[in-house]
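Peer 1: I'd like to ask some things about the structure below.
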Amino acid sequence: MIYITGDTHRNIKRFMHGNAEFIHDMTWTKDDVLIVCGDFGFVFYDTPEEHDMLDWFEKNKPYTICFVDGNHENHPRLAEYPLEEWHGGKIHRIRKNVIHLMRGQVFNIQGHKIFAMGGTYSIDRSMRTLGYSYWQEEIPCDAEYKEAIENLRKHNFNIDYAVTHTAPKEIIIQMGYIPDPHDYELTGFFEYVMYECKDSVKGWFFGHWHEDREIYGGKFRGLLNDVVSISQEKQS
Ligand SMILES: [Fe+2]
């Protein structure tokens, strides 16, 4: 099974009994995948505590934890991990079962074609320090957009799901928010992808707004604590 949840922000409790992974009394196996919609947060300050938590995932979790990057990640550190191909797309392998889904990739996981693209602008930059608590790489670069388009074209814009950190501009407006002008390139790009893939995409999941919320009848879904099963989505 594939499950998707919202930002975890280095909160290990989200992965403990009574929290995210047990919400639906799930029995997790090695074949299961949990995707976090950005701001995973466990690759940030490069402290022994962070390394211990990543080791804890590897030792204690039978399933695979995947994440797209949010704005609250240490992007240069993510880029230092080994780059591998996984289920048809590029990843950074953080631990045996902890995986960063790189931007603009289309993964084929358990028969589902999933477009993944993290990143967004930190609106709280004024309270952060460049190179310490936010990085310029939080915004996708031209090469990442180019790779995204190339990969989507390879699949004829035929994807089943999208997992991103921020959302298409139109969806942000539907949520009642004003899209941040700093993010227009990315949210506008997602809007383009949304329309190009409108005939095939069954669900689009994002985390940036820290709300569990359905838009357009649940086809677009903001996630925080909710854990959504893709199979359940298919049945609904
Ligand atoms: Fe967040």
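Peer 1: Roughly how many percent of the accessible protein surface of the range 123-236 is carbon and sulfur, given a 1.4 Å probe and a whole-percent answer?
Peer 2: Values: 2860 of 5840 Å².
Exposed carbon and sulfur together represent 49 percent of the surface.
Peer 1: Still on this model: Using a 1.4 Å probe and counting only protein heavy atoms, arrange Asp160, Asp31 so the residue with the most accessible area comes first.
Peer 2: Details: Asp160 20, Asp31 90 Å².
Largest accessible area first, the list is Asp31, Asp160.
Peer 1: Hey, what do the phi angles of the range 29-38 turn into as Karplus ³J(HN,Hα) couplings, whole Hz, using 6.51/-1.76/1.60 and θ = phi - 60°, x for Gly and Pro?
Peer 2: Listing the rounded values in order: 10, 5, 7, 7, 10, 10, 9, 9, 7, x Hz.
Peer 1: Continuing with the same structure: Considering only protein heavy atoms, what per residue accessible area in square angstrom results for the chain with a 1.4 angstrom probe? Don't skip to the answer; put the middle values down first.
Peer 2: On the way: 10520 Å² over 236 residues.
In whole numbers, the chain has 45 Å² accessible per residue.
Peer 1: Turning to a different aspect of this structure: With charges only on Cβ, +1 for K and R and -1 for D and E, what is the dipole size of the range 129-236 about its Cα centre, in debye, rounded to 20? Write down the numbers at each step before the final one.
Peer 2: On the way: 10 positive and 19 negative charges, 87 e Å.
It works out to roughly 420 debye.
Peer 1: In 5 Å bins starting at 0, how do the alpha-carbon pair distances of the range 143-236 split up by percent?
Peer 2: 3, 12, 25, 25, 19, 12, 3, 0
Peer 1: Lys/Arg Cβ at +1, Asp/Glu Cβ at -1, dipole of the range 81-236 taken about the Cα centre: which of Tyr81, Gly218, Ala116 is farthest positive-ward?
Peer 2: Result: Tyr81, furthest along the dipole toward the positive end.
Peer 1: Antiparallel versus total DSSP beta bridges in the chain: what percent is that, nearest 5?
Peer 2: On the way: 19 of 41 bridges.
DSSP beta bridges in the chain are roughly 45 percent antiparallel.
Peer 1: Could you please state how large a percent of the accessible area of the range 1-115 is carbon and sulfur, counting protein chains only and using a 1.4 Å probe?
Peer 2: Heavy-atom surface of the range 1-115 belonging to carbon and sulfur, 1.4 Å probe: 50 percent.
Peer 1: Specify which residue in the list Tyr63, Phe206, Ile94 is farthest towards the positive end of the charge dipole of the chain, using unit charges on the beta carbon of Lys, Arg (+1) and Asp, Glu (-1), about the Cα centre.
Peer 2: It is Tyr63.
Peer 1: Identify all lysines with a Cα-Cα distance to Lys30 below 21 Å; exclude those on the same chain that are fewer than 8 residues away in sequence.
Peer 2: Of all the lysines, those that pass the test against Lys30 - Cα under 21 Å, at least 8 places apart if same chain - are Lys13, Lys59, Lys61, Lys90, Lys96, Lys113.
Peer 1: How large is log10 of I(q)/I(0) for the range 2-235 at q = 0.09 Å⁻¹ when the intensity is taken from the Debye formula with one equal scatterer per alpha-carbon?
Peer 2: -0.33
Peer 1: Give me the net charge of Glu58's neighbourhood, meaning all other residues with Cβ under 9 Å from the Cβ of Glu58; Lys, Arg count +1, Asp, Glu -1.
Peer 2: Working: positive: Lys59, Lys61, Arg95, Lys96; negative: Asp55.
Net charge around Glu58: +3.
Peer 1: Starting from the Cα-Cα distance between Lys219 and Ser200, subtract it from 0.36 nm times their residue separation and give me the gain in nm to one decimal.
Peer 2: Numbers: separation 19, 0.36 × 19 = 6.84 nm, distance 1.14 nm.
Extending this stretch completely gives an extra 5.7 nm.
Peer 1: With only Lys, Arg, Asp and Glu charged, each at its Cβ (+1 for the first two, -1 for the last two), find how big the charge dipole of the chain is about the Cα centre; round to the nearest 20 debye.
Peer 2: Details: 25 positive and 37 negative charges, 96 e Å.
Dipole magnitude for the chain comes out near 460 debye.
Peer 1: What ranking do 65-72, 110-117, 132-139 get when scored by the average of other Cβ atoms within 10 Å per residue, highest first? Intermediate results must be reported in sequence, preceding the final value.
Peer 2: Working: 65-72: 26.2, 110-117: 21.6, 132-139: 16.0.
Per-residue mean Cβ counts within 10 Å order the peptides as 65-72, 110-117, 132-139.
The values are calculated or read from the model by the stated rules, or taken from the named source; none is laboratory data. Predicted model, so just to flag it, every value in this text is computed and none were measured. Glycine also receives a Cβ, built like all others from the backbone with ideal geometry; neighbour counts cover every protein chain displayed. Calculation scope for accessible area: heavy atoms of the full protein, side chains included, ligands and nucleic acids excluded. Shrake-Rupley method; radii C 1.70, N 1.55, O 1.52, S 1.80 Å.
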